[in-house]
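Peer 1: Structure provided below as structure tokens; questions to follow.
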Amino acid sequence: MIQFQYVKPSKSKAAIDTVAKDQSAVFIAGGTNLVDLMKRGVMNPEKLVDINKLPLRKIERENGNVRIGALALNGAVAEDKLVLEKHPLLAQALNAGASAQLRNMATVGGNMMQRVRCPYFYDTAMPCNKREPGTGCGALEGYNRMHAIFGHSDKCIAVNPSDMNVALVALDAVVLVSGPKGDRKIPFAEFHRLPGDTPQIHTNLQQGELIMAVDVPENPYTKNVNYLKVRDRNSYAFALVSVAAALDLDGSTIKSARLAMGGVAHKPWRLNEAEQFLAGKPATEATFLQAAQIAMRGAKAFEHNKFKLTLGPNTIVQALKNASGVA
Amino acid sequence: MKDYFFQDTIGKPMDRVDGRLKVTGAAKYSAEYELPNMAHAVLVGSTIAKGSIKSLDTKRAENAPGVLAVLHYQNAPKVPGYAQAAHPTEPKPVGQPLQLFIDNQINFNDHPIAVVVADTLERAMYAAKLVKAQYNEEKHATDFNKNTAKAFLPTAAKRNPKHPLGDYVRGKEDAYKTEPLKIESEYVIPTEFHNPMELQSIIAHWEAADKLTVYDKTQAVMGTQNAFAKDWKIPVENVKVIATFVGGAFGNGLHTWPHETAAIMAAKKVNRPVKLMLTREQMFTMVGYRPHAWQKVGMSATKDGKITAITHEAIGQTSSYEEFTESTLQQTRMMYTSPNVTTRYRILPLDVSTPIWMRGPGEATGAFALESALDEMAFVLGMDPLEFRLINHTDKDPEKNLPWSTKYLKEAMQMGAERIGWSKRQLKPGMVKNGEWLVGYGMGVGTFGANRGRAKVKATLHKDGTLVMQSATTDIGPGTGTAMVQIAAQNLGLPPEKIVFELGSSLYPPSPSQGGSATVATVGSAVHAACQALKQRLTSMVAGNADTSFKGATVENLTFKDGYVSMTASPSARLSFADILKQQNLPELEVTEESTPDASLRQKYSMYSYSVHFAEVQVHPLTGQIKVTNMVSCADAGTIINAKTAGNQMIGGAVGGIGMALTEGAVMDHRFGRYVTKDLAEYHVPVHADAPNISSLFVNKPDLINNPNGTKGIGEIAIIGVAPAIANAVFNATGKRIRELPITPDKLI
């Protein structure tokens, strides 16, 4: 059988040291993605460092943030009182992801580390620069209906499949990381990468760095929020396009907005310019339409995903309408 | 449950006799048997679509720990029953199932090139990854659209123009073309996969050199037995097939496949029982699919809604090595009154694996085009599509010019229209709204031959008053055992809890495969016959009693009820079945009865089941999101034996139809001829969130011309017509006519 070592340390230092000094070692938490990839031969780690014994499951208020432990389960976070009160957008996004069974296994840290769902990445008989650098991007001239319209390169056009990540990038989350060289904080928007010439590098984590928690700063986006996911079936399907929209309203005026998209780029796609445009404007469909047009600047589609150039802005408008209550 | 009319035992929504076994995990499926010394096999597939194997490196796999054998075309045991080509250089004859490991040819991507056998599954899986092939690659053709010019008339129809697959003209050919009021549209369905929950699996065990036992996922116990007996040139009775439980199949267990032969070969080679279960990915290449199909319908009608002509053409995909056909156009010939009907069916061979019947085979594909076209024609006429169908309803079979055995489609339509609230439907699309959502209503009709075959049942009445029946049918999910128990309970007058029906073994009397919606009509008739025979025997026994209270007893003047026989005229004369056997000093009373349909009746009557499906959908105008918010499926399927399991079948078919309409469709990358959607995350079978409340209604009137229980099949009509009902509802909601399935959000924005 495929041989690999398995260790389950009870101290984070031991876990980090093990992975830091062994290029073929990886952390495993819920395993909902990694185990699949191992079964298919896409990832072949020689050592699995199970971090489930580490005390990283708490969800608590900490210094103006909701701090969510890396091992908190997706399902638990989506139902957590504090999260529902402070960050309902995150709860909505989590509930839009995967299936109930998967959400009950998958962790927050693991969800951030989820690999792309590109069929060429998954099939070892197909070309994929991410899996095997230099073999070419299978999707570029192949089947690319699910693929990126922003930030892609000619090496890779896959998208980040997570729903949770879209909400976290919109909410200015910060990732707390511990590594062989100590602790550091990574703004969520800088955690994931665009493919560029090195699509094989998935995130900006260094070898041995372990996600300990994610901080979501408390903000005014507790009421007028919407995570809208458009997909091919109504559960257990990846987004064609998804939008996380959060508004701080003063009557019918938008004080400030947060906006991000999923299913469109190699990382959760924050729409800063559209947010800036929305600030101070009346919450009307006309405003939302203009914001959506700004958001779509620079989009470039491929043979099978041209519909995203229409579905993208439409979904932004609808998410903003849902969030604001504007009919 | 108020939808059903209960009468005695037949019709009651009885719980499944094996329900507890299934939900507790006690039901044993083929891969769950553990045999002593069993080895495990994993199939290795090609990574090219066409060509030949140049070299095969199996050394590393053979040397891997626990590996017992690596079989391939150079070393596999010969299957003596395979027809051998006269010369090795000659191409294989077209029209036969794939023969495993006979040469180095590759016919499709994931064509089996080796099977690895090891002492554990994990070791076999690992070693399978070590098998490496080099290929002489040839240019493949997998893209249906680019190859339609190569489509041809199936050989069977070439040989015999009267064959049902042949071209058909009633009245004037293509008469719609010259009519003023007409439509002409093309429709496409993609390749769809059965994806039953249970993966295809087999355990092969050579109990002696000429004695084979297989625990096999199959719908066809006898078919499998005969196929392997023929392949291995051993007596039929030396092949034992066990398929006690089957976890869904939808058609892909209707004949044998190469993976089964791989396990049998492997078991022969290593001289141990061998288990082989396909991976989910292999389910997309090894066990068939509903073929990609292109269709064109031309239709004309008078202003007052009489159809004057229909032309329906279809091209269905098949493989390069086997002609797969299905009756895609059958319903167009018999469904409506049209005096002029033309049908043309062609098949298109591609470098892909061979399709197989998938629930509602052919007809479900054909109904999507025909029933969509009906809706399009009604729209052109400005007519309600239900009214349009009623105007063109036919009271006899216009194809065969015969009366129907029974047909209660109008009643079904009326029931369904009332239940869905058809009167809310507006002729003009986009008129009904629920907030931002556009609401639409659509309908589609389904039909399928009310098939019945020949079956034998052994029934043994034991001295404790219990009845055990046996027949080699299978139960792929509809609840066959439960239905048979109810038929026996009704016919013999014995409480159902005293009856057991055993199936899924070739040791039992023969029954055909479970397919074509024929099991209840076929096996149920044999159960009926066995019960009649038992009653006759019991009658003779009591009539001859020394005690003269049953003097002059005949089956007709006796009452059989609750396990007792009594004289109808003087019920005080009463004996239990158990006591009758005791009096006769019999430990048991055994009969074996065969039931064969009367062929002459098929000359006098045309026999079909019917369904009509109504769908209410909501479409979001901005995002294209689609929700089916209500469905009503109504069937004219003769007597309903079990209201719950029959309703269950209808609901399952409706959900399958939702998949066909909205979510399912395989995608292939034609550069490689390889599927890119081959797991349940990427190939979207519908989930609970896609299924609304689905009402299933039955006319529940017997068809006693078809069989003594009055049943007609349900399995196929449950899905046939669902996809067009939904597509028509989407049109009614949005004004967008989507003629290529599945209807995904991107097609509606």
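Peer 1: Report, to one decimal in Å, the Kirkwood hydrodynamic radius for segment A:157-285 based on all distinct Cα pairs. Let's see the in-between values first.
Peer 2: Values: mean 1/r = 0.0627 Å⁻¹.
It is 15.9 Å.
Peer 1: Can you tell me, using C-alpha contacts under 8 Å and at least 6 residues apart, the relative contact order of segment A:1-79 as a whole percent?
Peer 2: Relative CO of segment A:1-79 lands at 31 percent.
Peer 1: Between beta-carbons, use under 14 Å as the cut-off and find the net charge around A:Y122, counting Lys and Arg +1, Asp and Glu -1.
Peer 2: Net of charged neighbours comes to +2.
Peer 1: Which whole-Hz ³J(HN,Hα) couplings does segment A:265-278 yield from phi under the Karplus relation 6.51 cos²θ - 1.76 cosθ + 1.60, θ = phi - 60°, glycine and proline marked x?
Peer 2: Here the 3J(HN,Hα) series is 8, 5, 9, x, 9, 7, 10, 4, 5, 5, 4, 4, 4, 5 Hz.
Peer 1: Using alpha-carbon positions, what is the distance between the centroids of segment A:245-279 and segment A:34-78, in Å?
Peer 2: Using only Cα atoms to place each centre, the spacing works out to 28 Å.
Peer 1: Tell me the trypsin sites (Lys or Arg not before Pro) within segment B:161-200 that lie in a loop according to DSSP and have at most 16 other beta-carbon atoms within 10 Å. Mind showing how you got there, number by number?
Peer 2: On the way: sites: B:K162, B:R170, B:K172, B:K177, B:K182; in loops: B:K162, B:K172.
The qualifying sites are B:K162, B:K172.
Peer 1: Here's a follow-up. Pull out a ≥ b ≥ c, the square roots of the eigenvalues of the alpha-carbon gyration tensor of segment A:226-272, then state rounded if a/c is under 1.5, prolate if not and a/b is larger than b/c, and oblate in the remaining case.
Peer 2: Oblate is the answer for segment A:226-272, as a/c is 1.5 or above yet b/c matches or exceeds a/b.
Peer 1: Using a Gaussian network model of chain A with C-alpha springs under 10 Å, which one of A:D172, A:D183, A:D248 is most mobile by mean-square fluctuation?
Peer 2: Between A:D172, A:D183, A:D248, it is A:D183 that shows the largest mean-square fluctuation.
Peer 1: Right, here's the next one. In nm², what is the average projected area of the convex hull enclosing the Cα atoms of segment B:453-596?
Peer 2: 8.2
Peer 1: Under 5 Å between amide hydrogens, which residues at least 5 positions from B:Y564 or on another chain qualify, with H placed 1.01 Å from N in the peptide plane?
Peer 2: Amide H to amide H, under 5 Å and 5 or more residues apart or across chains, B:Y564 pairs with B:F577.
Peer 1: Let me ask something else about it. Do any GluC sites (Glu not before Pro) in segment B:431-526 lie in a DSSP loop with no more than 13 other beta carbon atoms within 10 Å, and if so, which? If you can, show how the numbers build up before the last one.
Peer 2: On the way: sites: B:E436, B:E497, B:E502; in loops: B:E436.
Filter output for segment B:431-526: empty list.
Peer 1: I've got another one for you. Per residue, how many Å² of accessible area does segment B:253-389 show with a 1.4 Å probe?
Peer 2: Details: 2990 Å² over 137 residues.
With the other protein chains kept in place, segment B:253-389 gives 22 Å² per residue.
Peer 1: Another question, if that's okay. Rounding to the nearest 20 debye, state how big the charge dipole of segment A:224-324 is about its Cα centre with +1 on each Lys and Arg Cβ and -1 on each Asp and Glu Cβ.
Peer 2: Computed charge dipole of segment A:224-324: roughly 280 debye.
Peer 1: Counting other Cβ atoms within 10 Å, keep those with at most 11, restrict to DSSP loop, and tell me which trypsin sites (Lys or Arg not before Pro) in segment B:252-343 are left.
Peer 2: For trypsin sites (Lys or Arg not before Pro) across segment B:252-343 that sit outside H, G, I, E and B with at most 11 neighbouring Cβ atoms in 10 Å, the list reads B:K303.
Peer 1: Now for a separate question. Within 10 Å of each Cβ in A:119-132, how many Cβ atoms from other chains are there, averaged over the peptide?
Peer 2: That works out to 3 on average.
Peer 1: Still on this structure, please answer the following. Looking at segment B:680-749 from every direction and averaging, what is the projected area of its Cα convex hull in nm²?
Peer 2: Approximately 7.4 nm², given one-decimal rounding.
Peer 1: In sequence order, what are the phi-derived ³J(HN,Hα) couplings for segment B:343-357 according to the Karplus relation 6.51 cos²θ - 1.76 cosθ + 1.60 with θ = phi - 60°, rounded to whole Hz, with x for glycine and proline?
Peer 2: These are the phi-based 3J(HN,Hα) values: 10, 9, 10, 10, 10, 10, x, 10, 7, 9, 6, 7, x, 8, 4 Hz.
Peer 1: Further question: Output the residues of segment A:268-315 meeting this criterion: accessible area (heavy atoms, 1.4 Å probe) in the chain alone minus accessible area with all protein chains in place is 30 Å² or greater.
Peer 2: So the qualifying set is A:F307, A:L311, A:N314.
Peer 1: OK, next. Going 7 Å from the Cα of A:E303 in the Cα-to-Cβ direction, what parts of segment A:124-150 have a backbone nitrogen less than 14 Å from that spot?
Peer 2: The answer is A:137-147.
Peer 1: Another question, then. Taking both sides together, what accessible area is buried at the A/B interface, probe 1.4 Å, expressed in Å² and rounded to the nearest 100?
Peer 2: 3100
Peer 1: Considering the Cα positions of segment B:102-251, please state its Rg to one decimal place and its Dmax as a whole number of Å.
Peer 2: Rg, Dmax (Cα atoms, Å): 23.1, 72.
Peer 1: Can I ask one more? Could you calculate the FRET efficiency of B:E502 with B:L601 from 1/(1 + (r/R0)^6), where r is the beta carbon distance between them and R0 is 41 Å, rounded to 0.05?
Peer 2: Calculated transfer efficiency: 0.85.
Peer 1: Given a Förster distance of 25 Å, report the FRET efficiency between A:L82 and A:D36 from their Cβ-Cβ distance, rounded to the nearest 0.05.
Peer 2: Calculated value: 0.20.
Peer 1: Run the quick spin-label model on B:K396 and A:E285: label points 7 Å from Cα toward the beta carbon, then report their separation in nm to one decimal.
Peer 2: 5.7
Peer 1: Could you let me know the centre-to-centre spacing of segment A:125-146 and segment B:591-632, using Cα atoms, in angstrom?
Peer 2: Rounded to whole Å, the Cα centres lie 42 Å apart.
Peer 1: Modelling each spin label as a point 7 Å along the Cα-to-Cβ direction, I'd like the A:I201/B:K59 distance in nm, to one decimal.
Peer 2: In this crude spin-label approximation the distance works out to 3.9 nm.
Peer 1: When ligands, DNA and RNA are left out and all protein chains stay put, how many square angstrom of accessible area per residue does segment A:1-138 have with a 1.4 Å probe?
Peer 2: Each residue of segment A:1-138 exposes 46 Å² on average to a 1.4 Å probe.
Peer 1: Moving on to the next point. Go through B:W257, B:W357 and list them by solvent-accessible area, largest first, probe radius 1.4 Å.
Peer 2: Working: B:W257 20, B:W357 100 Å².
Heavy-atom accessible area, descending, gives B:W357, B:W257.
Peer 1: Another question, if that's okay. For segment A:230-327, what is the largest minus smallest coordinate of the Cα atoms on each principal axis, given in angstrom and ordered from greatest to least?
Peer 2: 41, 29, 22
Peer 1: Report for chain B the percent antiparallel among DSSP-assigned beta bridges with both residues inside it, nearest 5.
Peer 2: 75
Peer 1: Which residues of segment B:96-129 bury at least 40 Å² of accessible area once all protein chains are present, versus their chain alone (1.4 Å probe)?
Peer 2: Residues passing the criterion (a loss of at least 40 Å², heavy atoms only) are B:Y126, B:K129.
Peer 1: Would you mind classifying segment B:663-711 by shape? Square roots of the alpha carbon gyration tensor eigenvalues, ordered a ≥ b ≥ c; an a/c under 1.5 is rounded, otherwise it is prolate if a/b is larger than b/c and oblate if not.
Peer 2: Cα axes put segment B:663-711 in the oblate bin.
Peer 1: If the viscosity is 1.002 mPa s and the temperature 20 °C, what Stokes-Einstein diffusion coefficient in µm²/s follows for the protein assembly as shown when Rh is the Kirkwood radius over Cα pairs?
Peer 2: 68
Peer 1: Turning to a different aspect of this structure: How much FRET efficiency would the formula 1/(1 + (r/R0)^6) give for B:E594 and B:L21, where r is the Cβ-Cβ distance and R0 is 30 Å, rounded to 0.05? Walk me through the intermediate numbers first.
Peer 2: Working: r = 29 Å, r/R0 = 0.96.
Here the calculated transfer efficiency is 0.55.
Peer 1: Across chain A, where is the longest run that never hits GluC sites (Glu not before Pro) in a DSSP loop with at most 13 other C-beta atoms within 10 Å?
Peer 2: By the stated rule (loop sites, at most 13 other Cβ atoms within 10 Å), A:142-302.
Peer 1: Using 20 Å bins from zero, what percent of all Cα-Cα pairs in chain B falls into each bin?
Peer 2: All Cα pairs considered, the percentages come to 16, 46, 31, 6, 0.
Peer 1: Mind scanning B:K22/B:K627; A:K13/A:K185; A:K39/B:K59; B:K456/B:K582 and naming the pairs with a C-alpha gap bigger than 25 Å?
Peer 2: B:K22/B:K627; B:K456/B:K582
Peer 1: Got the relative contact order for chain A handy, in percent, Cα pairs under 8 Å and 6 or more residues apart?
Peer 2: Numbers: 757 pairs, mean separation 55.5, N = 327.
That works out to 17 percent.
Peer 1: If Rh is defined by the Kirkwood formula over all Cα pairs and Rg also comes from Cα, what ratio Rg/Rh do you get for segment B:602-749?
Peer 2: 1.06
Peer 1: Now for a different question. How much of the accessible area of segment B:453-596, in percent, comes from carbon and sulfur atoms when a 1.4 Å probe is used?
Peer 2: 48
Peer 1: Using helices alone, what [θ] at 222 nm do you get for chain A, with -39,500 (n - 2.57) per DSSP H run of 4 or more residues, divided over all residues and rounded to the nearest 500?
Peer 2: -7500 deg cm²/dmol
Peer 1: Sticking with this one: Run the quick spin-label model on B:T155 and B:A208: label points 7 Å from Cα toward the beta carbon, then report their separation in nm to one decimal.
Peer 2: Result for the modelled spin labels: 3.7 nm.
Peer 1: Going down the table (B:K54/B:K275; B:K50/B:K268; A:K223/A:K255; B:K233/B:K269), which pairs top 20 Å between alpha carbons?
Peer 2: The answer is B:K54/B:K275; B:K50/B:K268.
Peer 1: If you wrap chain A's Cα atoms in a convex hull and average its projection over all directions, what's the area in nm²?
Peer 2: Taking the Cα atoms of chain A, their convex hull projects to 16.1 nm² on average.
The values are calculated or read from the model by the stated rules, or taken from the named source; none is laboratory data. Just so it is clear, the model here is predicted, and its values are computed rather than measured. Every residue, glycine as well, gets a Cβ built from its backbone with ideal geometry; the counts of neighbours run over all protein chains shown. We work out accessible area using only protein heavy atoms, side chains counted, and drop any ligands, DNA or RNA first. Shrake-Rupley method; radii C 1.70, N 1.55, O 1.52, S 1.80 Å.
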